[in-house]
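Quick one: the structure is below, and I'll ask about it shortly.
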Amino acid sequence: MLLITCPHCGPRPELEFRYGGEAHVARPTDPSALDDQAWSEFLFVRDNPKGLYAERWNHAHGCQRWFNALRDTHSDKFVTTYPAGAPRPDLAAEEIR
């Protein structure tokens with residue numbers, strides 16, 4: 001069973017969590033200026049990398065709080081989790097220390 005570490009509750013089984021999509025997606029600064037094509041790209045077009053990917057998760061059967069995670073899409077391993085609103089961790093800088 002896959003364990004996901006909630007930054008508020010600690011490690012819990014994956015069954016307690018719900019996926020919320022890509023993290024750190026910036027909302028349009030002037031939504032009324034967007035045409036239909038730009039809106040559809042904002043709503044539906046996301047990255048699909050092989051490797052590290054920042055995602056939003058909800059601890060639905062626990063504290064019910066949202067948080068972000070860096071997950072390796074190739075191995076399905078969660079590298080780190082951090083509270084929503086926090087900047088994406090710079091793993092390269094942390095490895096240098």
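Could you tell me what percent of the accessible area of the chain is made up of carbon and sulfur, with a 1.4 Å probe and every protein chain present? Before the final figure, lay out the partial values.
Working: 3390 of 6710 Å².
For the chain, the apolar C and S fraction of the accessible surface comes to 51 percent.
Provide the gained length on full extension for the span Ser40 to Arg12, in nm with one decimal, where the gain is 0.36 nm per separating residue minus the Cα-Cα distance. Numbers along the way, then the final one.
Numbers: separation 28, 0.36 × 28 = 10.08 nm, distance 3.50 nm.
That pair, Ser40 and Arg12, stretches by 6.6 nm at full extension.
Hey, another quick one. Given points 7 Å out from each Cα along the Cα-Cβ axis, report the Leu2 to His61 separation in nanometres with one decimal.
Computed distance between label sites Leu2 and His61 equals 1.5 nm.
By per-residue mean of other Cβ atoms within 10 Å, what is the highest-first order of 45-58, 62-75, 20-33?
Numbers: 45-58: 13.6, 62-75: 16.0, 20-33: 9.9.
The densest-packed peptide leads the list: 62-75, 45-58, 20-33.
A further question on this structure: Would you mind pulling out the separation of the Cα centroids of region 1-17 and region 34-86, in Å?
16
The values are calculated or read from the model by the stated rules, or taken from the named source; none is laboratory data. Computed from a predicted structure; not experimentally measured. Please note: Cβ atoms are built from the backbone with ideal geometry, for glycine as well, and neighbour counts cover all protein chains shown. SASA here: full protein model, heavy atoms, side chains in, ligands and nucleic acids out. Shrake-Rupley method; radii C 1.70, N 1.55, O 1.52, S 1.80 Å.
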